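The values are calculated or read from the model by the stated rules, or taken from the named source; none is laboratory data. In this text, all values refer to a predicted model and were calculated from it rather than measured experimentally. Methodologically, a virtual Cβ is constructed for each residue, glycine included, from the backbone with ideal geometry; neighbour enumeration extends over all protein chains shown. Remember, those area values only see protein heavy atoms, side chains included, never the ligands or the DNA or RNA. Shrake-Rupley method; radii C 1.70, N 1.55, O 1.52, S 1.80 Å.
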Amino acid sequence: MPRWLLMSLLLVRARATVQRRCFAKGGGSKPSRTTCTSSSKRMAFATAGLAGGAALRRRFSSRLTVAAAVQHPAYRLVKEEKVEEYGSNCLIYEHLQTKAQVLSVIAQDENKVFGVVFRTPPTDSTGLPHILEHSVLCGSKEFPTKEPFVELLKGSLQTFLNAFTYPDRTCYPVASQNQKDLQNLARVYLDAVFRPRAVEDPFVLKQEGWHYEVGEGDAESSSSLEFKGVVYNEMKGVYSSPEALMSRAAQQALFPENTYAVDSGGDPREIPKLEFEDFRRFHEKYYAPSNARIYMYGDDDPSNRLDFLDDYLKQLPASASEESTTVVERQRLKFKEVQRLEVPFPSAEAKKMISVNWLLTDEPVSPKDELGLAVLDHLLMGTSTSTLRKALTDSALGESVVGGGLSDELIQPTFSVGLKGVLEEVKVVEELIEVTLQNLATKGFDAYDIKASLNTIEFQLREFNTGSFPKGLSFMLGAMRNWIYDRDPVEALKFEEPLLELKAELSESSSSSSYFQDLISKFFLQNTHRVVVEMVPDATLEEKTAKEETELLKTIRDGMSEEDLKIVSDEMAELRRRQNEPDSPEALRTIPTLDVQKDLRKEVQVIPLDSTETLNDRTTLLSRELATAGIAYVDIAFDLRQILDPLEELHLMPLFARMLTETGTSSKDAVTLQRTIGAETGGISPTILTSQKVGETISDPEDVVYQLVLRGKCTKFQTKELFDLLLEIISDADFAGAEARATEILKETSARYESMFRTSGHALAASRIGAGLTRAGFIGEASGGLSHYFKIKELLEEESSSSSSPSPGTSSSSSASSSSSSSFAGAGSMAASAA
């Protein structure tokens, strides 16, 4: 029996039922990448992507069944269209009375989603969209409690509930598998956004936005006057993050003439300029039903959806017929030469940050080129061996790559790349980026690199893996990237035709690389609408900022009379009284609840474990057959409790895990290995799993699950390639000569921790506390907390102190990896699971 077939016995085979799916980024803030337009099908070019793609298309199309369009007297049906990539039917309506736009998606998915999105482009940096997003959740006409969702969540089965403020829109999505629960959540959200208490009660703005406070017992001191408020405090934290400051500076500089030139989240220096009347008018203008895009998704009855929505919307006043004034204008490409700006950030170190940023175009990009830019982004930045990322990392000019590459969530796409922890002149980094792009435009990409990146993007599109996000929510965010700009939301969810066009372009070009060379020349080298942001450390910046705020408050206080001060004190006392006062029983009774007997499913949903098999005395095989759109998922888990002493080498495990796939094997260097993974599979990633072991009785705090897990995925046509690569990585990882890459990984990790200190310090503190409570907490903190950071700094200091021989830190990691490698290979099939 061939080796690959023997390894394939560990794989659970996905069901033959195949669904065509589209990929959208998770994390909440980035929508899907691709759109589609009409073009002829070019099936002959399917060989450039996943093997068997044409067969999957034919098989899926034969199984696709969708409900017929639903007519309703309260709505005008604007468009009906099938989205075969998702196996769904999309119906776009206009609500006749309010002119609200509605997208109803019929899909075989029990995790139903409801959402309301408003186009909210700000004209200043007072944070109006962000503060209003907070404020509408503080009670409404129909649900007058202070925090309706806090009460609602006490009995809700929601699978998602949040709100997002973008630079030009505000989203309010919810999800639940229970139909009654979804309607409860949706009803409260509808009333929250259309009839909030906040527009009638100035104290909501004071609480969520900003207000003055006067310190007790210091009537003469101006320092006792302070700015307070939920969003104000939140944005002060955001503005202390160097990465956030750089991102905002780049966006505002790239878009000097449209709404992106200001901060929708709010600049702490501008937030106190917001007045209640401006707040009220913003809601009146932008939260009108005619400016709303309402989204419904799932396997529920589409007629009942429309009834439910109309039951609420018909209570609202009829919409005026005037044209919308909320349109987001495009930014024209206007710079004739590169723009440069310096932005200070709080730091006592001499290390700078730099990013080079492009506004790629001021014209709509064709769906084919939009997808082409996504592939180019992966070629440049997608992996540790991608050309531009590798050039920056190998240069040793900085500690880690920043910028994120392509961003297409706004009306026009941008591209950002740079370095943090830079000691050299930033001009050197800028020149390196320029030269790398020029070389690529001249010499092009390796054909295998293109194949790998194209396969990776196509796999993501077909897999549609949204992680912990409900699929319907990713579907909604993907549609919004068109819908919010008055483009067709359904076209934003398709990828088949532009993918075929791109493959045809690559096939018909003189070389597959010439297409991407042309993109680099057009969107980067010939494009002078470019901004270079240099972040300059300033050890006294926080002190200066605090002093400026103190002086401003002193000026304000000096202009106040005793009566003014008393009004501030009285308002502060009234705000605290309202915050501490419980909701009345009458208000609490307005919150909808679930009926345990009528609304809850009585049957227990069981996901069966198809088989458990002991292959030898050290290996267990778990297999599970699920409908996974023709994609196989494999986990191979190694019990690390028998390999490492946590007290001595625990901090090396994250480094070891990353090096498995980033330093190559004896037959493939790091670049070749990454190419092969990208070209032949859907990805292979190592991860460390640490958790308390769950038993039938109370868990023993000393009993833990501590595993190194290699996770791979592929189509059912690629099982041989996946298992060949897994076996090669497990048994033949080559760490010889990998000291430089190990140092780069340690620098990147150190930089990531230092960013966390400002943005997620509470999480690190919680991890530190948990380390003293359980063994799992100790292991997790030692390999992913503050203790790990200190160990990394020690390793880097040891490495920098030795220039003529391998540093102790690198040597120890290398020797640990080498000694573990042989044990690791021997334990290559210790544990495997697949879903």
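Taking the mean number of other Cβ atoms within 10 Å as a proxy for protection, how do you rank 451-460, 231-240 from highest to lowest?
451-460, 231-240
For an R0 of 45 angstrom, estimate the FRET efficiency from the Cβ-Cβ distance between ALA348 and LEU77 and round to the nearest 0.05.
It comes to 0.15.
What FRET efficiency would be calculated for the residue pair ASP518, ILE567, taking the C-beta separation as r and a Förster radius of 51 Å, to the nearest 0.05?
Taking R0 as 51 Å, the efficiency between ASP518 and ILE567 is 0.20.
Mind ordering 619-625, 544-550 by average Cβ neighbours within 10 Å, highest first?
619-625, 544-550
Taking a probe of 1.4 Å, how large is the accessible area per residue of the range 323-383, in Å²?
46 Å²
Run the numbers for ASP201 and THR540: contour at 0.36 nm per residue of separation, minus the present Cα-Cα distance, in nm.
118.1 nm
Based on Cβ point charges of +1 for Lys and Arg and -1 for Asp and Glu, what charge dipole magnitude is obtained for the range 587-655 about its Cα centre, in debye rounded to the nearest 20?
580 debye
Going by average Cβ density within 10 Å per residue, which order do the peptides 741-753, 554-566, 126-138 take, highest to lowest?
For the peptides 741-753, 554-566, 126-138, the packing ranking is 126-138, 741-753, 554-566.
Please work out the Cα center distance from the range 334-354 to the range 659-680, rounded to the nearest Å.
Cα centroid of the range 334-354 versus Cα centroid of the range 659-680: 35 Å apart.
Which of rounded, prolate, oblate describes the range 202-294, given a ≥ b ≥ c as roots of the alpha-carbon gyration tensor eigenvalues and a/c under 1.5 marking rounded, otherwise prolate only if a/b is larger than b/c?
It is oblate, given that a/c is not under 1.5 and a/b is not larger than b/c.
Per DSSP H run of n ≥ 4, the term is -39500 (n - 2.57); total these for the chain, divide by its residue number, and report the mean residue ellipticity at 222 nm rounded to 500 deg cm²/dmol. Walk me through the numbers on the way to the answer.
Values: 29 runs with 348 residues, N = 835.
The helix contribution divided over the chain gives -13000 deg cm²/dmol.
Taking the Cβ of PHE203 as the centre, find all other residues whose Cβ is under 11 Å away and add up their charges (Lys, Arg: +1; Asp, Glu: -1).
Surrounding charge for PHE203 is +1.
Per residue, how much accessible surface does the range 511-624 expose to a 1.4 Å probe? Answer in Å², no decimals.
The answer is 66 Å² per residue.
Quick one: go through the range 756-780 and flag any residue whose amide nitrogen is under 17 Å from the point 7 Å out along the Cα-to-Cβ line of ILE698.
Correct set: 773-775.
Which Cα, out of LEU660, THR590, PHE638, lies furthest along the positive dipole direction of the range 571-663 (beta carbon charges, K/R +1, D/E -1)?
Highest projection toward the positive end goes to THR590.
Calculate the length of the line joining the C-alpha centroid of the range 719-788 to that of the range 584-622, in whole Å.
32 Å
Using a basic spin-label model with each label point 7 Å from the Cα along Cα→Cβ, how many nm lie between ALA396 and ALA763?
Output for this residue pair reads 3.2 nm.
Quick check: pseudo-label points 7 Å beyond the Cα along Cα→Cβ at GLN315 and ASN233, how many nm apart are they?
3.3 nm
Using a 1.4 angstrom probe and counting only protein chains, how large is the accessible area of TYR286 in Å², to 10?
About 20 Å², rounded to the nearest 10.
Leaving ligands, DNA and RNA out of it, work out the accessible area of ARG577 with a 1.4 Å probe and give it in Å² to the nearest 10.
120 Å²
Grab the other residues whose beta carbon is less than 9 angstrom from that of PRO686, score K and R as +1, D and E as -1, and report the net.
In short, +2.
Could you work out how far apart the two model spin labels at VAL327 and MET756 are, taking each label as a point 7 Å from the Cα in the direction of the beta carbon, and quote it in nm?
4.7 nm
Computing the accessible area with a 1.4 Å probe over protein heavy atoms, can you report the carbon and sulfur percentage for the chain? Mind dumping the intermediate values first?
Numbers: 18130 of 36110 Å².
Using a 1.4 Å probe with all protein chains present, the chain comes out at 50 percent carbon and sulfur.
Give me the Debye-computed log₁₀ of I(q)/I(0) at q = 0.14, 0.24, 0.32, 0.35 Å⁻¹ for the range 523-563, equal point scatterers on Cα only, no solvent, two decimals.
Calculated log10 I(q)/I(0) at the listed q: -0.60, -0.85, -1.02, -1.07.
For a Förster distance of 30 Å, can you work out the FRET efficiency between the beta-carbons of TYR448 and ARG711, rounded to the nearest 0.05?
Working: r = 23 Å, r/R0 = 0.78.
For R0 = 30 Å, the calculated efficiency reads 0.80.
State to the nearest 20 debye the size of the charge dipole of the range 232-369 about its Cα centre, where the only charges are +1 on K and R beta carbons and -1 on D and E beta carbons.
In total the dipole reaches around 720 debye.
Can you give me the Cα centroid spacing of the range 417-469 and the range 225-270 in angstrom?
Going from one Cα centre to the other spans 28 Å.
Give me the net charge for the shell around GLU702: Cβ to Cβ below 12 angstrom, other residues only, Lys and Arg +1, Asp and Glu -1.
Working: positive: ARG641, LYS693, ARG775; negative: ASP700, ASP703.
Summing Lys and Arg as +1 and Asp and Glu as -1 gives +1.
Could you state how much accessible area THR436 has, in square angstrom rounded to the nearest 10, with a 1.4 Å probe and all protein chains kept in place?
Estimated to the nearest 10 Å², THR436 gives 20 Å².
Select from PRO167, SER156, HIS211 the residue farthest towards the positive end of the dipole of the range 155-234; place +1 on Cβ of Lys and Arg, -1 on Cβ of Asp and Glu, and compute about the Cα centre.
Result: SER156.
Mind checking the dipole of the chain: about its Cα centre, +1 per Lys or Arg Cβ, -1 per Asp or Glu Cβ, Debye to the nearest 20?
Here the size comes out at about 2740 debye.
Select from THR393, GLY421, LEU406 the residue farthest towards the positive end of the dipole of the range 360-457; place +1 on Cβ of Lys and Arg, -1 on Cβ of Asp and Glu, and compute about the Cα centre.
My answer, from the dipole projection, is THR393.
By how many nm would the segment from VAL604 to LEU689 lengthen if fully extended, with 0.36 nm per residue of separation less the alpha-carbon distance?
27.8 nm
Working from the pairwise distances between different alpha carbons, so that the mean of 1/r is found and then inverted, what is the range 72-151's Kirkwood radius in Å?
Radius from the Kirkwood sum: 16.0 Å.
Strictly greater than 18 Å: what percent of every Cα pair in the range 619-698 meets that?
Considering the range 619-698, 62 percent of its Cα-Cα pairs are separated by more than 18 Å.
State, to one decimal in nm², a quarter of the convex hull surface area for the C-alpha atoms of the chain, i.e. the direction-averaged projected area.
Averaged projected hull area, Cα only: 38.8 nm².
Please grab the % of Cα pairs in the range 143-220 that end up more than 15 Å from each other.
Percentage above 15 Å: 67.
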